[in-house]
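Undergrad: Could you have a look at this structure, given as structure tokens, before my questions?
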Amino acid sequence: MTRFAHGVSALRSSEIRDLMSLATSPDIISFSGGMPGNELFPLDRIDNIYRSLTEKEKQVAMQYGPTNGLPTLLESLSQYLEKKGLPVGKNRLMMTTGSLQAINILAKAFVDPGDTVLVETPSFIGALSAFRSYEANLVSLPLRGDGIDTDALRTVLNSAGPRPKFLYFAPNFHNPAGIIYSEEVKRRMIDLLRDQDIPLIEDDVYSDLYFYEEDVPKMTNIKTMDPEGIDVCFTGSFSKILHGCLFAQLFTGDSR
Ligand SMILES: Cc1ncc(COP(=O)(O)O)c(C=O)c1O
């Protein structure tokens, strides 16, 4: 019989696969996957941008490049992140196909079989599957209306159990809970995690998709609240917000 790796055989049939096969069915308007409407993709603008490129630029776009990403793309990305208050130099950035690939890479970098990883309950199933595939021992922290239960976090940190490798959380328009973390909860997390050598993985794929201006200040990224005190791996995505202007900027490295 074919023998798969431990981590993979521990995986259940993918919930995401089941969910996406329903969500992409043409007669269903699905709210379960975080997918943009097809009609919102700026096809004409993308065609125009592609046509406006020189032959050389097109060749560069198709060719292999540096493994952490095309320098011009990284430069655009750092400008985008700086607008969010995240001052990241090129050497701290990496292009991935999306947030989930970044989460996978981080899991690979941090998790040895049996390691403790702190997650919210409920949590984004894609991230949970990634952590399980590296045989992490997931320890759940309940989610309240304003973020994780910080009393539960304190209890875990003070317990004699194994030291967690990191805490994964999705603070903005949480999937699936829909909540936004309050500033107060994030401050308490910073206080509890300072000097603990337990990095945070902050998965922020939805903060650009807001309806109400008053929600914007709440979505301040945690690293900007305490730049020196805590270690944060920030993962983001353009899969939800692709629009012509941004695409042009990323593709060509300028703001055409
Ligand atoms: C919280 C969260 N993180 C990550 C992702 C995946 O993002 P990407 O498509 O960029 O990999 C999703 C949904 O698709 C999500 O809801």
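Undergrad: Check off (1) closer than 23 Å to Val111 by Cβ; (2) in a loop (DSSP other than H, G, I, E, B) for Ala152 and give me the number that stays unchecked.
TA: (2)
Undergrad: If a residue must be of a type in the set (A, V, I, L, M) and buried (at least 19 other Cβ atoms within 10 Å of the Cβ), how many such residues does the stretch 135-153 contain?
TA: Looking only at that region, the number is 5.
Undergrad: In the list Pro171, Pro227, which residue meets the criterion of being within 11 Å of the ligand (Cβ to nearest atom) and assigned to a loop (DSSP other than H, G, I, E, B)?
TA: Selected residue: Pro171, the only one of Pro171, Pro227 that is within 11 Å of the ligand (Cβ to nearest atom) and assigned to a loop (DSSP other than H, G, I, E, B).
Undergrad: Do the conditions hold for Phe234, that is, is it modelled with pLDDT of 90 or more, part of a loop (DSSP other than H, G, I, E, B) and surrounded by 16 or more Cβ atoms within 10 Å (Cβ to Cβ)?
TA: no
Undergrad: Also, quick follow-up: Which of the residues belonging to the stretch 102-133 are outside any helix (DSSP H, G or I), surrounded by fewer than 22 Cβ atoms within 10 Å (Cβ to Cβ) and either more than 16 Å from the ligand (Cβ to nearest atom) or free of Cβ contacts under 8 Å to residues at least 24 places away in the same chain (or both)?
TA: Asp112, Pro113, Gly114, Asp115, Thr116, Thr121
Undergrad: Looking only at the stretch 179-195, count every residue that is more than 16 Å from the ligand (Cβ to nearest atom) and assigned to a loop (DSSP other than H, G, I, E, B) and tell me the total.
TA: Selection size over the stretch 179-195: 3.
Undergrad: Also, quick follow-up: For the list (1) within 16 Å of the ligand (Cβ to nearest atom); (2) touching a Pro at 6+ places or on another chain (Cβ under 7 Å); (3) β-branched (Val, Ile, Thr), I need the number of the one condition that Ile198 fails.
TA: Unmet for Ile198, out of (1) within 16 Å of the ligand (Cβ to nearest atom); (2) touching a Pro at 6+ places or on another chain (Cβ under 7 Å); (3) β-branched (Val, Ile, Thr): (1).
Undergrad: If you check Arg144 against the conditions, is it more than 16 Å from the ligand (Cβ to nearest atom), under 26 Å from Gly69 (Cβ atoms) and out of contact with any His (no Cβ under 7 Å at 6 or more places or on another chain)?
TA: Considered against the rule, which asks whether it is more than 16 Å from the ligand (Cβ to nearest atom), under 26 Å from Gly69 (Cβ atoms) and out of contact with any His (no Cβ under 7 Å at 6 or more places or on another chain), Arg144 comes out as no.
Undergrad: Gly7: assigned to a helix (DSSP H, G or I) and touching a Phe, Trp or Tyr at 6+ places or on another chain (Cβ under 8 Å), yes or no?
TA: It is true that Gly7 is assigned to a helix (DSSP H, G or I) and touching a Phe, Trp or Tyr at 6+ places or on another chain (Cβ under 8 Å).
The values are calculated or read from the model by the stated rules, or taken from the named source; none is laboratory data. Remember, it's a predicted structure, so these values are computed and weren't measured experimentally. In this analysis, Cβ positions are derived from the backbone assuming ideal geometry, glycine residues included, and neighbour counts consider all displayed protein chains.
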